[in-house]
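K.L.:
First, the structure itself, so that you have it in front of you.
The values are calculated or read from the model by the stated rules, or taken from the named source; none is laboratory data. It should be emphasised that the depicted structure is a prediction, and the values quoted were computed from it without experimental measurement. Note that we place each Cβ from the backbone using ideal geometry, even for glycine, and neighbour counts take in every protein chain shown.
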Amino acid sequence: MRDGVRPLVLTLLDPALREELEGLGSATVYEASGAEGGLAPGIVPLWPGARLCGQALTVRCAPGDNLAIHRALEVAEPAVVLVVDASAHLAGYWGEVLTVAAQARGVAGLVIDGGARDSDALERRRFPVFARGRSILRTVKHEPGGVGEPVVAGGVLVRTGDVVLGDGDGVVAIRAERLREVVEASRARVAKEEEVMARLRAGELTLDLLGLRRSI
């Protein structure tokens with residue numbers, strides 16, 4: 001342990017399962033989970049086409065201070081996604097320098113309830129960042145914050161080891177203990193939607209397929 005940061009050991013997400021989750025998409029997984037874990041819609045990809053999926057390593061920053069993120073990279077394992085609570089404060093908590101450091105560690109991406117910058121460089125490097133907004137405002141490095149403790153990001157409680165999935169529709173967090181359940185429910189939802197699509201192509205109406213006539 002250095003500087004009070006204890007190494008965090010995760011059972012990393014199986015690559016095949018990660019790929020499947022990315023294919024299912026955040027909206028399907030959110031619905032299949034019972035509408036649980038959807039982060040605030042204001043947290044969006046910093047560049048078009050960004051996608052991420054992995055287990056969370058949680059970080060809590062003091063407002064305007066990104067020292068905790070630097071500390072998190074010391075213990076970050078390959079394929080984790082940093083999930084940062086920055087109190088929705090728009091400053092440049094993350095940029096190209098941290099991206100290079102993160103990619104060297106094998107970090108899969110960043111979700112931050114706060115700001116980030118250097119979006120063009122992040123796109124060139126294909127490093128997925130989902131943020132509350134862009135900001136060039138500088139940060140300081142004084143407060144240690146927290147690494148590995150539960151945080152609230154985008155209105156959702158996220159713990160280290162939970163799975164986060166982000167794409168063009170948004171970000172969803174899946175509680176680790178519900179992962180298998182949610183994946184199975186997502187598969188079932190996709191199968192049902194494929195059946196519905198086939199019936200729609202055959203000319204049936206959503207009013208009938210979704211049982212909406214009783215609401216009229």
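K.L.:
Is it the case that segment 50-61 has a residue that's aliphatic (A, V, I, L, M), in contact (Cβ under 8 Å) with a residue 24 or more places away in the chain and touching a Cys at 6+ places or on another chain (Cβ under 9 Å)?
P.N.:
Narrowing segment 50-61 to residues aliphatic (A, V, I, L, M): 50, 52, 56-57, 59.
Subsequent filtering for residues that are in contact (Cβ under 8 Å) with a residue 24 or more places away in the chain retains 50, 52, 56-57, 59.
With touching a Cys at 6+ places or on another chain (Cβ under 9 Å) added as a condition, the list becomes none.
No: zero hits.
K.L.:
Go through segment 73-91 residue by residue and tally those that are surrounded by fewer than 19 Cβ atoms within 10 Å (Cβ to Cβ) and touching a Ser or Thr at 6+ places or on another chain (Cβ under 8 Å).
P.N.:
Of the residues in that region, 1 qualify.
K.L.:
Can you tell which of ARG126, ARG117 is in contact with a strand residue (DSSP E or B) (Cβ under 9 Å, 6 or more places away or on another chain) and free of Cβ contacts under 8 Å to residues at least 60 places away in the same chain?
P.N.:
Residue meeting the stated conditions: ARG117.
K.L.:
Next up: Looking at (1) closer than 14 Å to GLU20 by Cβ; (2) surrounded by fewer than 16 Cβ atoms within 10 Å (Cβ to Cβ); (3) not β-branched (Val, Ile, Thr), which one does LEU179 not meet, given that it meets all the others?
P.N.:
Failed condition: (2).
K.L.:
Looking at (1) crowded, with 17+ Cβ neighbours inside 10 Å; (2) at pLDDT 95 or above; (3) hydrophobic (A, V, I, L, M, F, W, C); (4) within 30 Å of GLU181 (Cβ to Cβ), which one does ALA35 not meet, given that it meets all the others?
P.N.:
(1)
K.L.:
State which residue is modelled with the lowest pLDDT when the search covers only segment 194-216 and only residues that are within 34 Å of the chain's Cα centre (by Cα) and among the small types (Gly, Ala, Ser).
P.N.:
Checking each candidate, the answer is GLY211.
K.L.:
Of all the strands (runs of 3 or more DSSP E) wholly in segment 133-193, which have at least 3 residues that are modelled with pLDDT under 95 and within 14 Å of LEU39 (Cβ to Cβ)?
P.N.:
Values: elements: 151-153, 156-158, 163-167, 170-174.
Passing ranges: none, list empty.
K.L.:
Here's a check for you: in segment 116-153, which residue that is surrounded by fewer than 24 Cβ atoms within 10 Å (Cβ to Cβ) and of a type in the set (Gly, Ala, Ser) is farthest from VAL81 (Cα to Cα)?
P.N.:
Ranking the qualifying residues of segment 116-153, first place goes to SER135.
K.L.:
Any chance you could count how many residues in segment 194-216 are in a helix (DSSP H, G or I) and among the hydrophobic types (A, V, I, L, M, F, W, C)?
P.N.:
So the count comes out to 6.
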